[in-house]
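The values are calculated or read from the model by the stated rules, or taken from the named source; none is laboratory data. Nothing here was measured: the structure is a model prediction, and the numbers come from that model. Note that we place each Cβ from the backbone using ideal geometry, even for glycine, and neighbour counts take in every protein chain shown.
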């Protein structure tokens, strides 16, 4: 098990290094260089050369990448933007906690609703709740999150006044106002993944319930609830894998939801960076999201090995 974890960890680190290199190369091979963006199109070649020398942009790309990577690993420093001069760490510290909280809340909401719904749908296959769950799943994957967010604002905020129409209230303003400000965005972000995870739970559990060892356990007189627990443990690995991927994907969708609800998270930082052609900030945001996605999948691998002893033994 330990060897498997170490192997997965090394693979994750290698993947992160490769993605970082690709991002670094893409941002350096664009037509608009940082010097040209900052100094303007009328800047002379001498001025551009001075700018590049002052910011280390005249060195080989691989050397720049290794220097950037070394600062991240050894100092936890993502550097400064060539365009705005702002420290990336400060930008991440300001906006990342907001996005991370929104994603975690949406993910917990999705799991809390999807798992029971999927289990009931599998156990009561063909019953009313199964049909309702299937209709809900189709609706969940069909409705765009941004449109759902607009509808939530219209009815629950504008017409009924139950929630604020947008913005973000920090926890320092009170637990009630804080939760009210993130409830609608978390719902809009999580509802799609409720549909995905509930259908995966249903299909995986139905497959396990139809195996020979489950039918044998039932014929031996084991209580129904105990058989369900055993079956659920064997049905969880694919659900865990999809949940981990969903957690990573949520950060991408969170950018859209934050924009709809005017939440000052990573969406505002990223859109501002794109508008200013601040490719260094875009590179940092994408790199951080990639690291979170890889970490989530690494955790899912470990959980799957814990749930399935055969996989752990194979590693």
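From the residues in the stretch 109-127 that are touching a residue at least 12 places away in the same chain (Cβ under 8 Å) and more than 12 Å from residue 232 (Cα to Cα), which one is surrounded by the fewest Cβ atoms within 10 Å (Cβ to Cβ)?
Restricting to residues being touching a residue at least 12 places away in the same chain (Cβ under 8 Å) and more than 12 Å from residue 232 (Cα to Cα), the top hit is 125.
Could you check the stretch 74-91 and list, in sequence order, the residues that are part of a helix (DSSP H, G or I) and surrounded by 18 or more Cβ atoms within 10 Å (Cβ to Cβ)?
88, 91
Suppose we keep only residues that are in contact (Cβ under 8 Å) with a residue 12 or more places away in the chain and more than 20 Å from the chain's Cα centre (by Cα) within the stretch 1-20. Which one would you say is surrounded by the fewest Cβ atoms within 10 Å (Cβ to Cβ)?
3
Quick one: which residue in 136, 146, 155, 109 is touching a helix residue (DSSP H, G or I) at 6+ places or on another chain (Cβ under 8 Å) and at pLDDT 85 or above?
The conditions single out 109.
Which condition from (1) in contact (Cβ under 8 Å) with a residue 12 or more places away in the chain; (2) over 27 Å from the mean Cα position of the chain (by Cα) is the one that residue 43 breaks?
(1)
Output the residues belonging to the stretch 53-68 that are crowded, with 16+ Cβ neighbours inside 10 Å and part of a helix (DSSP H, G or I).
Of everything in the stretch 53-68, those that are crowded, with 16+ Cβ neighbours inside 10 Å and part of a helix (DSSP H, G or I) turn out to be 64, 65, 68.
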